[in-house]
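Asker: Submitted below is the structure of interest, expressed as structure tokens.
The values are calculated or read from the model by the stated rules, or taken from the named source; none is laboratory data. All values derive from a computational prediction rather than experimental measurement. When we count neighbours, we look across all protein chains shown, and the Cβ atoms used for this are built from the backbone with ideal geometry, even at glycine.
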């Protein structure tokens, strides 16, 4: 397993990434810039079902934290993708738009958008670091198992 | 015990029916206020309306000439899934509420589906949740479920419950891969879907069973359902959605950047020749039909078709589902052999898709057809 990656209940997480606990999205700062890549964490992907279609806001769109930067259709669920941090959409993953199935294969790799953050202080509202992430993710797995949304 | 508002509607047009659902859900979004925790709406469309799923390409799913000739309206739902035919024989079930935090979409679907299952149980029909969000009775689909959450966290759960079904009309207006290419087309559909009327042995309309579905929701979800009316503000919003969205070609004829294509392949079995029809949407299998001279559709084939629908169009995925769903006696050949035939049909569809539609890497994701 690459450095800084670890497993919780069979799901891979990265200690260097930030995680939005409410929306089950990861945020990865790009080196030497204010740009943050955003993607599904493995539980967010799995509890939505197989993703069949994705739409993303166009480059240049400003979104505030909690506002939609796109939509996703997974099996028969259609819903918004809500930004984990505020910023301007500076990139969209063309592969995800043309082959949404890559999100099902590896949500850790298949990023959705890049957001140019105006205010990095919002990152403090996200989770980061192996110890914190392990506690949170283990509790989430247990919660979703009780709901029957993920396999035992 | 929770209190929900209960609404009914009959014979609504395609645009009006869809717009009403969205108008009702708006009051459950953030920054909105509602007197009731949720609204349950049980209604019927005028006979008939062909409705495609949120991201389907209309012309690939609906024969618009046939619709015009048979006075069938068409529209686009906000929920996902495949094309459906709605009318007096199909009960529309809509739940509008605030999306609960921290509950997975799969679980929400099951929660509200329990209301429909309980309603069917009151009629003596034993329905169960199946695979990708269908309800089935004895291996045959009786209802399709969908879930839509808007930007403000308002939720719409929708079910189309088959109380009765005009199968020849459905085959005429919906483009179902492989379904029309046989003199047994009606039987093929009847092998895969059932209705309340068929299960009970008498012809019923959606209105006939509405009270049972209402009671099913009340029992299964512990509700008091208070009859009400759409408020004036909701009616205004509905009318606005009709004008600006559901009767507007920009919404109805929008095309997904992901193309649709079909492929087929043959398979020799001890029971005779079987033909596999696959429809793909982007890199997803949107439909699968395994057609042969079956006296009775093997149960494993029915499960396989349902499980592969809305799955990834990948060899490993197809093989895994075939091995999971097919029993040794279902088609008389090993599951990997069936998987190869399905993969061959899928590959042909994917090749056609790539030839017809080069990948669109940038630009707007959804765009109206010119």
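Asker: Taking residue A:31 and the conditions (1) under 14 Å from the mean Cα position of the chain (by Cα); (2) in a loop (DSSP other than H, G, I, E, B); (3) away from chain B (no Cβ under 14 Å); (4) surrounded by fewer than 20 Cβ atoms within 10 Å (Cβ to Cβ), which numbered condition does it fall short on, given that it satisfies the others?
Answerer: All conditions pass for residue A:31, except number (1).
Asker: Being modelled with pLDDT of 95 or more and surrounded by 21 or more Cβ atoms within 10 Å (Cβ to Cβ): is that true of residue A:127 here? Break it down into steps so the answer makes sense when it comes.
Answerer: Working: modelled with pLDDT of 95 or more: yes; surrounded by 21 or more Cβ atoms within 10 Å (Cβ to Cβ): no.
When the stated conditions are applied, residue A:127 does not pass them.
Asker: Ok, one more. Among what's in region A:143-152 and is within 14 Å of chain B (Cβ to nearest Cβ) and surrounded by fewer than 12 Cβ atoms within 10 Å (Cβ to Cβ), pick the residue that is modelled with the highest pLDDT. Explain how you work it out, then say what you get.
Answerer: Within region A:143-152, the subset within 14 Å of chain B (Cβ to nearest Cβ) is A:143-151.
Still in the running and surrounded by fewer than 12 Cβ atoms within 10 Å (Cβ to Cβ): A:146, A:151.
On the way: A:146: 80, A:151: 59.
Among residues in region A:143-152 that are within 14 Å of chain B (Cβ to nearest Cβ) and surrounded by fewer than 12 Cβ atoms within 10 Å (Cβ to Cβ), the one modelled with the highest pLDDT is A:146.
Asker: Here's a check for you: in region A:75-87, which residue that is more than 7 Å from chain B (Cβ to nearest Cβ) and under 19 Å from residue B:101 (Cα atoms) is surrounded by the fewest Cβ atoms within 10 Å (Cβ to Cβ)? Spell out how you get there, then give the answer.
Answerer: Initial filter on region A:75-87 (more than 7 Å from chain B (Cβ to nearest Cβ)): A:81-87.
When the remaining residues are screened for being under 19 Å from residue B:101 (Cα atoms), the result is A:81-85.
Values: A:81: 24, A:82: 19, A:83: 27, A:84: 26, A:85: 24.
Applying the filter and picking the extreme gives A:82.
Asker: Further question on the same structure: If you check B:80, B:146, which single one turns out to be outside any strand (DSSP E or B) and under 16 Å from the mean Cα position of the chain (by Cα)? Even if it seems obvious, please write down each step before you answer.
Answerer: Numbers: B:146 fails: outside any strand (DSSP E or B).
The unique qualifying residue is B:80.
Asker: Taking the conditions exactly as written (under 27 Å from the mean Cα position of the chain (by Cα), within 20 Å of residue B:267 (Cα to Cα), modelled with pLDDT of 90 or more and within 14 Å of chain A (Cβ to nearest Cβ)), does residue B:318 satisfy them or not? Reasoning before the result, please.
Answerer: Working: under 27 Å from the mean Cα position of the chain (by Cα): yes; within 20 Å of residue B:267 (Cα to Cα): yes; modelled with pLDDT of 90 or more: yes; within 14 Å of chain A (Cβ to nearest Cβ): yes.
Against the criterion (under 27 Å from the mean Cα position of the chain (by Cα), within 20 Å of residue B:267 (Cα to Cα), modelled with pLDDT of 90 or more and within 14 Å of chain A (Cβ to nearest Cβ)), residue B:318 qualifies.
Asker: Condition (residue is within 26 Å of residue A:93 (Cα to Cα) and modelled with pLDDT under 90) applied to region B:327-340: is it met by at least one residue? Before you say what the answer is, go through the steps one by one.
Answerer: Applying the first criterion (within 26 Å of residue A:93 (Cα to Cα)) to region B:327-340 yields none.
Looking through region B:327-340, none of the residues is within 26 Å of residue A:93 (Cα to Cα) and modelled with pLDDT under 90.
Asker: Looking only at region B:125-143, how many residues end up being in a loop (DSSP other than H, G, I, E, B), in contact with a helix residue (DSSP H, G or I) (Cβ under 7 Å, 6 or more places away or on another chain) and touching a residue at least 24 places away in the same chain (Cβ under 8 Å)?
Answerer: Within region B:125-143, the subset in a loop (DSSP other than H, G, I, E, B) is B:125-127, B:131-133, B:138-139.
Right, trim to in contact with a helix residue (DSSP H, G or I) (Cβ under 7 Å, 6 or more places away or on another chain) and you get B:125, B:127, B:131-133, B:139.
Next, only the ones that are touching a residue at least 24 places away in the same chain (Cβ under 8 Å) stay: B:125, B:131-133, B:139.
Within region B:125-143, residues that are in a loop (DSSP other than H, G, I, E, B), in contact with a helix residue (DSSP H, G or I) (Cβ under 7 Å, 6 or more places away or on another chain) and touching a residue at least 24 places away in the same chain (Cβ under 8 Å) number 5.
Asker: For residue B:258, indicate whether it is surrounded by 17 or more Cβ atoms within 10 Å (Cβ to Cβ) and assigned to a loop (DSSP other than H, G, I, E, B). Explain how you work it out, then say what you get.
Answerer: Values: surrounded by 17 or more Cβ atoms within 10 Å (Cβ to Cβ): yes; assigned to a loop (DSSP other than H, G, I, E, B): yes.
Considered against the rule, which asks whether it is surrounded by 17 or more Cβ atoms within 10 Å (Cβ to Cβ) and assigned to a loop (DSSP other than H, G, I, E, B), residue B:258 comes out as yes.
Asker: Further question: Just wondering, is there one or more residues in region B:205-220 that are at pLDDT 95 or above, closer than 16 Å to residue B:39 by Cα and exposed (fewer than 14 other Cβ atoms within 10 Å of the Cβ)? Give the derivation first.
Answerer: First, pick out the residues of region B:205-220 that are at pLDDT 95 or above: B:205-220.
Pick out the ones that are also closer than 16 Å to residue B:39 by Cα and you get B:210-211, B:213-220.
Within this subset, residues satisfying the condition of being exposed (fewer than 14 other Cβ atoms within 10 Å of the Cβ) are B:211.
Yes - at least one qualifying residue is present in region B:205-220.
Asker: I would also like to ask the following. When you scan region A:42-53, do you find a residue that is in a strand (DSSP E or B), closer than 19 Å to residue A:118 by Cα and either at pLDDT 95 or above or within 14 Å of chain B (Cβ to nearest Cβ) (or both), even just one? I'd like the intermediate steps shown before the answer.
Answerer: Narrowing region A:42-53 to residues in a strand (DSSP E or B): A:51-53.
Still in the running and closer than 19 Å to residue A:118 by Cα: none.
The answer is no; no qualifying residue exists.
Asker: Next question, about the same structure. Quick one: residue B:281 ticks every box in (1) within 14 Å of another protein chain (Cβ to nearest Cβ); (2) farther than 18 Å from residue B:321 by Cβ; (3) touching a helix residue (DSSP H, G or I) at 6+ places or on another chain (Cβ under 9 Å) except a single one, so which number is it?
Answerer: (2) is the only condition that residue B:281 fails.
Asker: Would you confirm, using the coordinates I've provided, whether residue B:72 is farther than 15 Å from residue B:147 by Cβ and either buried (at least 24 other Cβ atoms within 10 Å of the Cβ) or out of contact with any helix residue (DSSP H, G or I) (no Cβ under 8 Å at 6 or more places or on another chain) (or both)? Walk me through it before giving the result.
Answerer: Working: farther than 15 Å from residue B:147 by Cβ: yes; either buried (at least 24 other Cβ atoms within 10 Å of the Cβ) or out of contact with any helix residue (DSSP H, G or I) (no Cβ under 8 Å at 6 or more places or on another chain) (or both): yes.
Here the answer is yes, as residue B:72 does meet what is asked.
Asker: Output the number of residues of region A:98-136 satisfying the condition of being within 14 Å of chain B (Cβ to nearest Cβ), touching a residue at least 40 places away in the same chain (Cβ under 8 Å) and in a helix (DSSP H, G or I).
Answerer: Selection size over region A:98-136: 4.
Asker: Would you call residue B:41 under 19 Å from the mean Cα position of the chain (by Cα) and not in a strand (DSSP E or B)? So that I can check it myself, show each step before the final result.
Answerer: Working: under 19 Å from the mean Cα position of the chain (by Cα): yes; not in a strand (DSSP E or B): no.
Against the criterion (under 19 Å from the mean Cα position of the chain (by Cα) and not in a strand (DSSP E or B)), residue B:41 does not qualify.
Asker: Can you run down the residue pairs with Cβ atoms below 7 Å, 6 or more apart or on separate chains, where the first is in region B:80-105 and free of Cβ contacts under 8 Å to residues at least 24 places away in the same chain and the partner is assigned to a loop (DSSP other than H, G, I, E, B)?
Answerer: B:104/A:149
Asker: For region B:25-50, what are the residues that are in contact (Cβ under 8 Å) with a residue 40 or more places away in the chain and within 14 Å of residue B:252 (Cα to Cα)?
Answerer: Across region B:25-50, the qualifying residue is only B:50.
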